[in-house]
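A short worksheet on the structure shown next.
The values are calculated or read from the model by the stated rules, or taken from the named source; none is laboratory data. Note that this is a predicted model, so its numbers are computed, not measured. Here the Cβ positions follow ideal geometry from the backbone for every residue, glycine too, while neighbour counts run over all protein chains shown.
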Amino acid sequence: MADTKFLGTGCKFPVEIDPATGRFMTVSGNRAVKESIYLILMTQRTERLVRPSFGSDIMNFTFMDTGTTMMSILRRDIAQTIMDNEPRVADIDVTTEYRDKQGVIYINLEYLVRDTNTRDNMVFPFYLDNGTKGMAENEEGDMIPDGYEGEYNDLEESG
């Protein structure tokens, strides 16, 4: 197996603590590249004060028209964002699959890791109804996690 130290080592995302050592867990190699791409897509542009150009404008597509033109713009924007923010990848191919019933667009990213000449891919689910996914309304009209059986007040105190 090739030495992939040049791809770097970074903090695992989402951040986790190793229970055995009490230290932050890290990732390296192709996994570090994949998590970096995920982080780019999940970070809203201008969210980071020191690096305002880092991240994506994917949240601007929430509640969008899912016609051919907008889906094409979404694919082009995602590919350009990754190329601008992740120098370790090349040859990015973005495809989308819209599922109306679930209110989600599955974004399939296929890319080439430059230094190892390895193809990799990931699927990024983009929920169009972001605020209510996995939520249900109880008798009082409050939004609670879908399938929650306890009292709503219990949920607020424990969360």
Among the residues listed as GLU86, GLU47, the single one being on the phi < 0 side of the Ramachandran plot and free of Cβ contacts under 8 Å to residues at least 12 places away in the same chain: GLU47
Scan of the range 33-60 for residues that are of a type in the set (A, V, I, L, M, F, W, C) and closer than 26 Å to ARG119 by Cβ, ordered by number: VAL33, ILE37, LEU39, ILE40, LEU41, MET42, PHE54, ILE58
Residue tally, condition within 14 Å of the chain's Cα centre (by Cα) and of a type in the set (Ser, Thr, Tyr), over the range 30-61: 4
Subset of the range 44-98 [in contact with a Gly (Cβ under 8 Å, 6 or more places away or on another chain) and farther than 21 Å from GLU110 by Cα]: GLN44, ARG45, THR46, GLU47, ARG48
One residue from VAL94, VAL50, VAL104, VAL123 being in contact with a helix residue (DSSP H, G or I) (Cβ under 6 Å, 6 or more places away or on another chain) and of a type outside the set (D, E, K, R): VAL94
Which numbered condition GLN80 fails, given (1) over 14 Å from the mean Cα position of the chain (by Cα); (2) surrounded by 13 or more Cβ atoms within 10 Å (Cβ to Cβ); (3) modelled with pLDDT under 95: (3)
Where THR69 falls short, out of the listed (1) under 30 Å from ASP129 (Cβ atoms); (2) surrounded by 12 or more Cβ atoms within 10 Å (Cβ to Cβ): (2)
Failed criterion for GLU47 (all others in (1) more than 15 Å from PHE124 (Cβ to Cβ); (2) surrounded by 14 or more Cβ atoms within 10 Å (Cβ to Cβ) hold): (2)
Candidates ARG75, ARG45, filtered to the one that is modelled with pLDDT of 95 or more and basic (Lys, Arg): ARG75
